[in-house]
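Okay, structure first, notes after.
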């Protein structure tokens, strides 16, 4: 009986301890979320506002520079201030490193890699980059549970979507928000809405990357373009999985605010 009493006491103690740990973890998570939301609301328009931003598409199936190799996939080097961010890595190291070499980009100068989602056409070139710089920090969707500021003025949307978890990058510029997408599996309009939700007082200057609309009908594309307009998107630079028809219709609607994106394209803001 004494053993049973001791066992019951210990069991109750463990249950009580587990309860207190669970409560503490919930409070810690809630505190972090409150801090995050406070940071989002107080995000100053002056932050990174004066920094020059350069977006260089270094892997894509569309071509802007005839001297570079194409491949099914996407990678974009983002230069902002003193930071060099590699957004996705394309499908293979050979093409990625060939293009960086021809464009005079030194992989050793990359500060961190941002992976939108874990598909091979966005992660395939990572091994080649890591061989050159093994200590390189890599941010994957599972590293975050919600919108997070990675460095000053640069945010991840956090993982969005259901079956395919994907994160997009949001950059604050002097012109407004820049949204960079990998494949937009959660829906390109949903990603833009998420950015607007995060920063309701900021305009969307540019949306660049894969829009995942290569199979969309004309009516679907026109509806999406209308959503872009209603959300105040000023410029678009679709590539990769966006599709020819998507690029054609966006170009027709956006005219001079449509950017012919592809490997070798350099956009300065």
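Read-outs throughout are calculated quantities, based only on the coordinates presented, and are distinct from any laboratory measurement. Please read these numbers as outputs of a predicted model, since none were measured by experiment. Every residue, glycine among them, receives a Cβ derived from its backbone with ideal geometry; neighbour counts consider all protein chains shown.
At full extension, residue 82 and residue 226 could sit 48.2 nm farther apart than now, given 0.36 nm per residue minus the alpha carbon distance.
With both labels modelled 7 Å from their Cα along Cα-to-Cβ, the residue 260 to residue 197 distance reads 3.7 nm.
Semi-axis lengths, largest first, of the ellipsoid equivalent to the range 45-268 are 24, 20, 17 Å, with √(5λ) applied to each eigenvalue of the Cα gyration tensor. Full extension of the chain between residue 52 and residue 190 gives 46.9 nm of extra length, using 0.36 nm per residue less the Cα-Cα distance. Relative to the current alpha-carbon distance between residue 98 and residue 140, full extension at 0.36 nm per residue lengthens the span by 12.7 nm. Note on residue 234/residue 72: beta-carbon distance plugged into 1/(1 + (r/R0)^6) with R0 of 25 Å gives a FRET efficiency of 0.30.
Here r is the Cβ-Cβ distance between residue 218 and residue 118 and R0 is 25 Å; the resulting FRET efficiency, rounded to 0.05, is 0.20. Counting other Cβ atoms within 10 Å as a rough exposure proxy, the listed residues 113, 233 run 113, 233 from fewest neighbours to most.
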